[in-house]
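The values are calculated or read from the model by the stated rules, or taken from the named source; none is laboratory data. Just so it is clear, the model here is predicted, and its values are computed rather than measured. Reconstructed Cβ throughout: ideal geometry from the backbone, glycine too, with neighbour counts over all protein chains shown.
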Amino acid sequence: MTVLIVTFSQDNESISLVTQAIEAKGGNAFRFDTDRFPTEVLLDIGQGNDECVIISDGDQQLNLNDVSAVWYRRARYGKKIPDTMEQQHREASIKETRVTIRGMLASVQGFHFDNIFDVERANNKQLQLQVAREVGLTTPRTLSTNNPEAVKQFADKCKAQGIIAKMLSSFAIYGEQGEEQVVFTNPVTDEDLANLEGLRFCPTTFQEKIPKALELRTTIVGQQIFTAAVDSQSLKQSTYDWRKEGAALVKSWQPYDLPKEVESKLLQLMAYFHLNYGAIDIIVTPDGRYVFLEINPVGEFFWMELYSPYFPISQAIAEMLLVQSKK
């Protein structure tokens, strides 16, 4: 059994963890770093009488007819195409690279964990919140807008608890020295409310501020549910976004028993999006409410496997890939 792992060259430890688990169970794993195509990796897609798909990476070669399962992690299109290339030509090359990879993935037979198109649909945060409410989960009051007046009205409605600002997309801004500046969730101040002109260039999402007793990370693989909790309020910089102190908190996560009723609703959410994997963020309020924030269909898990609570998430992923590929 051969598993095609679709990722990129700078992905983290999760790839090696799942690869090792696949190989320990007697399977084979082939890593396709999408950012290395088309400059370093060769891809031959034949049709008709020559129907065959071959990925060549150095001394390694994979015939996709031999692939029994696909683990789609992430894709980075054309990242190694030279910046010196004329802009319109480079954009055309990246576009063609993207449609070639996506077309190849769409045509691969066998078990997909998860299908790239389901992943992309699930990445729509507004839809996530809508479906979460429909299955009975509690969600924060939310506004996505480029309208300053709407933000002020929203802030007035949430005056008692205040509001925060966040982005729907994941991105970073890089300084002149290449330093990464990640856009985290931040509180909205009165000064911010008086300076909202920038919304006409970039819409932003605002939510009511939810009081936190704990923050949960629930990782779902098939029907297996792994939940860990951390006290994000223990550090000043992680008050609004625990990722700001992710390294400092990495060994502070502990196993947590999520109520069965909440687990059931999360599984309904997963079923709606046809997902086998999801990393879900939840707030536990001081009065014991569980507030759903979002689901990341390709979210990280490696730190909860390498450190406390030492969840065997990669084993669960490998098991599903190999078991389902036999069907």
| note | Sole miss for Val182 among (1) within 19 Å of Tyr290 (Cβ to Cβ); (2) surrounded by fewer than 15 Cβ atoms within 10 Å (Cβ to Cβ); (3) under 26 Å from the mean Cα position of the chain (by Cα) is condition (1)
| request: Being over 15 Å from Asp118 (Cβ atoms), of a type outside the set (Phe, Trp, Tyr) and outside any strand (DSSP E or B) is the filter here, so list the residues in segment 288-310 that pass it. | output: Gly288, Arg289, Glu300, Met304, Glu305, Leu306, Ser308, Pro309
| request: Return only the number of the condition from (1) surrounded by 12 or more Cβ atoms within 10 Å (Cβ to Cβ); (2) without any contact (Cβ under 8 Å) to a residue 12 or more places away in the chain; (3) under 30 Å from Met1 (Cα atoms) that Ala106 does not satisfy. | output: (1)
| said: I'm trying to understand the selection: among the residues of segment 260-287, which are loosely packed, with under 14 Cβ neighbours inside 10 Å and either among the aliphatic types (A, V, I, L, M) or part of a loop (DSSP other than H, G, I, E, B) (or both)? | reply: Ala271, Pro286, Asp287
| message | So, Lys244, is that one farther than 28 Å from Val135 by Cβ and assigned to a loop (DSSP other than H, G, I, E, B) or not? | response | no
| task | Could you grab me the full set of residues in segment 84-136 that are more than 30 Å from Asp66 (Cα to Cα), in the same structural domain as Arg73 (by TED's automatic domain parsing) and in a loop (DSSP other than H, G, I, E, B)? | result | Thr84, Met85, Glu86
| field | Candidate set: segment 45-90, residues that are touching a helix residue (DSSP H, G or I) at 6+ places or on another chain (Cβ under 6 Å) and among the small types (Gly, Ala, Ser); chosen: the one surrounded by the fewest Cβ atoms within 10 Å (Cβ to Cβ) | value | Ser68
| task | Please work out which residue is surrounded by the most Cβ atoms within 10 Å (Cβ to Cβ), limiting yourself to segment 297-307 and to residues that are touching a residue at least 60 places away in the same chain (Cβ under 8 Å) and within 22 Å of Ser252 (Cα to Cα). | result | Phe301
| Among (1) in a helix (DSSP H, G or I); (2) under 26 Å from the mean Cα position of the chain (by Cα) - the single one Val3 does not satisfy | (1)
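Rundown of residues vs (1) touching a residue at least 60 places away in the same chain (Cβ under 8 Å); (2) closer than 26 Å to Ser16 by Cα, yes/no style:
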residue: Val53; (1), (2): no, yes
residue: Asn63; (1), (2): no, yes
residue: Tyr72; (1), (2): yes, yes
residue: Thr84; (1), (2): no, no
residue: Arg98; (1), (2): no, yes
| Which numbered condition trips up Ala92, out of (1) within 29 Å of Thr34 (Cα to Cα); (2) at pLDDT below 95; (3) among the small types (Gly, Ala, Ser)? | (2)
| note | Filtering segment 16-37 down to residues that are crowded, with 17+ Cβ neighbours inside 10 Å and not in a helix (DSSP H, G or I) yields Gly27, Ala29, Phe30, Arg31, Phe32, Asp33, Phe37
| Looking only at segment 218-253, which residues are over 19 Å from Pro312 (Cα atoms), touching a Phe, Trp or Tyr at 6+ places or on another chain (Cβ under 9 Å) and among the aromatic types (Phe, Trp, Tyr)? | Tyr240
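Of all residues in segment 188-203, how many are in contact with a strand residue (DSSP E or B) (Cβ under 8 Å, 6 or more places away or on another chain) and surrounded by fewer than 18 Cβ atoms within 10 Å (Cβ to Cβ)?
3
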